[in-house]
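Participant: Just dropping this structure here.
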């Protein structure tokens, strides 16, 4: 059951929210339906599907639409759509489903959100999706990394009937549906609205961009801070929204409105730019700002951009007439210190001195405790960011030691523990591999799946310690690069992460082996032993790499302490 409405701001708006009577019936039916528990990305997708943000979609894509979107950026019926919106599930779950049945979609707490009528089930081709959607299989791309490490093995497609939206308890006054925003525009008498979407706080350059766009389009402004899944390392959305609230005071009265956008960003560059323009259309915008490097995932592992800086803007502009939204393009905004003004780089007189600072630059400076100049960010925004992300000396951090069995991790960890306790300015927790196995993961074996679970548990505990301004010392083997990358991502949301590769060669580790584990593994008595018949993937870019062959644990710990001192943590 869907409801389609139309008004002057945008085309038909599809709502998948059912009536109260239908919801009561579906609740009774759902007791006997198989469940799918949604993750964070899927919760974002369901919310935008339900409220019409993803109009004209009426559910998760079936295979024919998925393939068509990958191949030609259009649904099977020819409608422009750039990014697959699919529900992924595990192989075990997929094998218990079949086309024609219905399933209950629930949040992680078991709350019923929707009933999905299954029309299609098919295996995920990760390589194809990566190449078509992201144009790369490089896992340093956050979207590719998610696809290969977190996406289930099967997609399930079908229409949705939504009983309830995902629960939110924060900033409710800013969580507006597309239909509500269209009503606000009508009440305010706004006929022209320019949308601006960003996963970052609103800094001076973005503020100047939005005010210039308002003048160019002769329009009022819709601010759309993304509060779904953004790039790894971004500031948390609570802090970002508080920053938006501070900057809002600098706009003229009654010239803008703000809504929080529950979007799980794919970071597919030009394809994301087209999707974001469609979202803006559904949210009632007549114009949409696309700056340079829109929806960029940053650099690849070789320091090269995944997408040229102007591609997103050019592709969005190509489809703007078809979407029905005028693109307001912007080159990079820079500051002219002698003129004390902001201009796009294409409007800077030849020979003028310019300075600039990106959102990534500001984020890096905040996390490192360095000063942010007032020409780059509003004072109120800097205050909010520094309150949420204090300088390293006041942050928590995790020292994550990884290496082969016998490399010296545990002994170095114990030395560090003693030294941090001696310093005494933060609570310290030691999460050694053997300690964790006894107390946190006693039911796990040493299969690859269980090793990953064990390391993720260590990462979760360390993230909580780091978030609460403590020190976590972790010393697991942690043989897999992808898992370590995930742990880093989680912990760096809250503080410092210092990966230390104890790179002692396997020959030296075997020579030290007091328990005879390597000998047993060589004899085939132990299966899946790291370094013998299971690989150890050495870290690509650890903060430190220490070989303990000719170095004592005290000397190795001292090197780590010197690094922490240099970075300002101690």
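Values quoted throughout were computed directly from the atomic coordinates according to the rules given, and no laboratory measurement underlies them. Not measured: the values here are computed from a predicted model. Please note: Cβ atoms are built from the backbone with ideal geometry, for glycine as well, and neighbour counts cover all protein chains shown.
Participant: Compute the relative contact order of the chain as a whole-number percentage, counting only Cα pairs closer than 8 Å that sit 6 or more residues apart in sequence.
Facilitator: Relative contact order of the chain: 11 percent.
Participant: Here's something else I'd like to know. Based on the alpha-carbon gyration tensor of segment 256-373, what equivalent-ellipsoid semi-axes (square roots of 5 times the eigenvalues) come out, in whole Å, largest first?
Facilitator: Equivalent-ellipsoid dimensions as semi-axes: 27, 19, 16 Å.
Participant: Another one. Please report the base-10 log of the normalised intensity I(q)/I(0) for segment 84-137, using a Debye sum with one equal scatterer per alpha carbon and no solvent, at each q in 0.20 (1/Å).
Facilitator: The computed values of log10 I(q)/I(0) come out as -0.86.
Participant: Follow-up question, since we're still on this one. Taking Cα pairs under 8 Å and at least six residues apart, what relative contact order does segment 392-566 come out at, in percent?
Facilitator: It rounds to 34 percent for segment 392-566.
Participant: I would also like to ask the following. What angle, in degrees between 0 and 90 and rounded to the nearest 10, separates the Cα long axis of helix 40-51 from the longest principal axis of the Cα atoms of the chain?
Facilitator: Between helix and principal axis, roughly 10 degrees.
Participant: Please give the FRET efficiency for residue 24 paired with residue 435, using the beta carbon to beta carbon distance and R0 = 45 Å, rounded to the nearest 0.05.
Facilitator: The formula returns an efficiency of 0.30 here.
Participant: Oh, and also: Using Cα atoms only, what is the angle between the long axis of helix 481-492 and the major principal axis of the chain, expressed in degrees (0 to 90) to the nearest 10?
Facilitator: With rounding to tens, the tilt is 70 degrees.
Participant: For helix 237-247, what angle does its Cα long axis make with the longest principal axis of the chain, in degrees from 0 to 90 and rounded to 10?
Facilitator: 50
Participant: If each DSSP helix of 4+ residues adds -39,500 (n - 2.57) and the sum is divided by the residues in the chain, what number results at 222 nm, nearest 500 deg cm²/dmol?
Facilitator: Value at 222 nm, helices only: -11000 deg cm²/dmol.
Participant: Here is a follow-up. Relative contact order of segment 3-162, please, whole-number percent, based on alpha carbon pairs below 8 angstrom and at least 6 residues apart.
Facilitator: Taking the mean separation of contacting Cα pairs over the length of segment 3-162, I get 27 percent.
Participant: Pull out the extension gain between residue 374 and residue 187, defined as 0.36 nm times the separation in residues minus the alpha carbon to alpha carbon distance; nm, one decimal.
Facilitator: 63.6 nm
Participant: Considering only DSSP beta bridges whose two residues both sit in the chain, what percent are antiparallel, to the nearest 5?
Facilitator: Of the beta bridges lying entirely in the chain, close to 40 percent run antiparallel.
Participant: Can you grab the distance from the C-alpha centre of segment 256-334 to the C-alpha centre of segment 176-192, Å, no decimals?
Facilitator: What the calculation gives is 22 Å, centre to centre.
Participant: If you take the Cα Rg of segment 144-274 and divide it by 2.2 N^0.38 Å, with N the number of residues, what do you get?
Facilitator: Dividing the Cα Rg of segment 144-274 by 2.2 N^0.38 Å gives 1.19.
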